[in-house]
Each structure stands twice: as C-alpha cells, then as structure tokens.
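Data block below; observations after.
The values are calculated or read from the model by the stated rules, or taken from the named source; none is laboratory data. As the structure is a prediction and not an experimental result, all values here were calculated from the model. Please note: Cβ atoms are built from the backbone with ideal geometry, for glycine as well, and neighbour counts cover all protein chains shown.
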Amino acid sequence: MELRHLHAFLAVAEELHFGRAAERLHVAQSPLSQTVRALERELGTDLFVRTTRSVRLTAAGEALVGPARTIEAQIGIVRGIAQAAAAGETGRVTVGFGGAGGYTVLSVLARSLADTYPGIELDLRPQMYSGEVLDALARGTLDMGIVGLPVPRGFATHTVLEEALMVAVPAGHRLVAAGAVAPQELASERFVIYPAEHGSVVRDATLALCAAAGFAPVVAHEAPDPYSLLAMVGAGVGVAVVVDSTAHLTMDGVEYLPIAGDAPTLPIAMAWQDANPSPAVQTVTRVLRDVIGHVGHVGA
C-alpha cells in the first residue's frame, strides 16, 4: 500500500464522485479509478459500490475512512517536521562554554531563540576551556562553543565579548590598598593558574602578562575551574589573573583588583566549523549575529 492509494481513496470517499475526485487531485479519471482498484485488490475487498449514476462507500470503505484520515494527518506532521528541520526551524545544537560570562551570552541567545525558533534546543555543555571546545568542534562532538580569539583556520567566529583582565587576591593582601595593580608588582607573588592541557586562553594571557612585565610566574597550584581557582586564592595559596566577568562569582576571602594602565583584554567569540551542514546551526548563528553584536564586559 502506498500513500497515493490512500489519497485517492479519501478523495473519492469525500466527493463520492470519481470525476470530481480526479479534478481535486489534478489527475485523469481513469488513472484514479485504477489506483482505487489496486487498493481494493490489495485489501481483498470492495471499498465502493459503483453504478452508472452514483458512487457510495461499502461497509469496508466506511471503516477505512477514519484510519486513512489519521494516517494522512500523521504524514502531514512528519512532512512538516522534516521541512522545519531542513529550514533550520527545529533541531538540537550542542554548545560548549566556560565561565560566568558564557552563561550571560547564552541566556541572551536562548531567550531570543525561544521567541523566534522554539523548535531549536540548545544543549549546553558548561565548564569547557577554549582548547577543549575547539577540539570538540573539530571532532564533531560539539556544534558551537565560546572560545578566546584567535582560532585556527576552518572555524567561523562571531565576537560576543571583550573581557578585561583583573587580578584576584586574598582579602587583606598588601596590593589591595593600591586600588590598581601594575603587572610588575606581581613578580614576587605565587600564582594559581589553569592547567596547560586544557587550552585555557586565560592561562595564556597570564603568562603573556607576566612575560611583558619581565618575569615568569611562580605557579603555586593549578585549578581545574574558576570556582576552584577562586577558592585557592581565598585560602591564600596565591593570586590569579582572571577575566572581569569572574568578579560576578562571589567567593569569601577574595578581592578583585584592576590592572593599572592599559589593561589587556581578551576577545571572546562563538565559534563553529565552517563546514557544519546543520540548518539549525545556521539559524543559531544568524540569530546570534542579530541579537549579540557585542555584549561588553559580561562574558566568558
């Protein structure tokens, strides 16, 4: 049994006239009659009583009308789902990110998608460093992710943040009174930083800041995530260079100090593979560009 058989049957059942049913389906009457006959042969029973003057349903035909309409409606739903997915109106998009600012950017994006494309679901993967996001994008286990710039070739990006660097110090630290910290003043400090293997852009920025000030940082401890890093700072293990959105994380015993002078900044972007064929990803990137031209200092 094919869908065309059911379409033909329903047209005749509703019109009770082969000529009108053929006009409705934009086919000739003879092929329509043959299609209905083929369905009757497959079912092993007549569906219509035909005379030269009228057409009426048999008991079997009457019984088939309801199920046929249900199948036709379900096929319409399936067709709509497929068309919506192909148009990028539905689908799941996995997004990796890290830090407090990532939540802010993604909450703006998620709200806009909920209003305009409610069929698209963002599957959020938090606490991912830039390097981890890029690796996952390259493997195809993520669709999109928030990263520090620049990124290697093969990735498309849209800048969403410009994060200033700050210094997190234990409460009561000698540098607190100064109000702002010159990088050279950190030369005698012990540092808490992120591990090298995760590809953290904040770690890279920390090393670059210290190198520009003429020293290599003494690493007291490595922390796997912002909460652990700040907990170690609050415990007096060392100081840490952080992005300004980290200041939104309240942690006992931690104070945040701006960096004196022209403080370095980190451009933060949403990245995805140029070659990603997903229509849903294309829709998300389009909405991203519309609603997040630049979100200032609130990012990952």
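Numbers at a glance
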quantity: Of all residues making up segment 114-146, the number that are surrounded by fewer than 20 Cβ atoms within 10 Å (Cβ to Cβ) and not small (Gly, Ala, Ser); calculated: 13
quantity: Residue match in segment 100-111 (condition: farther than 26 Å from Thr246 by Cβ, over 12 Å from the mean Cα position of the chain (by Cα), in a helix (DSSP H, G or I) and not hydroxyl-bearing (Ser, Thr, Tyr)); calculated: no
quantity: Flag if Arg190 is charged (D, E, K, R), over 33 Å from the mean Cα position of the chain (by Cα), exposed (fewer than 13 other Cβ atoms within 10 Å of the Cβ) and over 22 Å from Ile268 (Cβ atoms); calculated: no
quantity: Residue among Pro279, Pro224, Pro217, Pro264 that alone is exposed (fewer than 15 other Cβ atoms within 10 Å of the Cβ), touching a residue at least 12 places away in the same chain (Cβ under 8 Å) and not β-branched (Val, Ile, Thr); calculated: Pro224
quantity: Test: residue in segment 244-265 that is in a loop (DSSP other than H, G, I, E, B) and on the phi > 0 side of the Ramachandran plot; calculated: yes
quantity: In segment 33-61, residue nearest to His7 (Cα to Cα) [restricted to those that are part of a loop (DSSP other than H, G, I, E, B) and touching a helix residue (DSSP H, G or I) at 6+ places or on another chain (Cβ under 8 Å)]; calculated: Leu47
quantity: Test set (1) more than 30 Å from Val93 (Cβ to Cβ); (2) surrounded by fewer than 17 Cβ atoms within 10 Å (Cβ to Cβ); (3) β-branched (Val, Ile, Thr) - Val254 fails condition number; calculated: (2)
quantity: Hey, Gly66 exposed (fewer than 13 other Cβ atoms within 10 Å of the Cβ) and either at pLDDT 85 or above or of a type in the set (D, E, K, R) (or both) or not; calculated: yes
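Residue-wise test of (1) touching a Lys or Arg at 6+ places or on another chain (Cβ under 8 Å); (2) in a helix (DSSP H, G or I).
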site: Ser188; (1), (2): no, no
site: Leu209; (1), (2): no, yes
site: Val241; (1), (2): no, no
site: Ala280; (1), (2): yes, yes
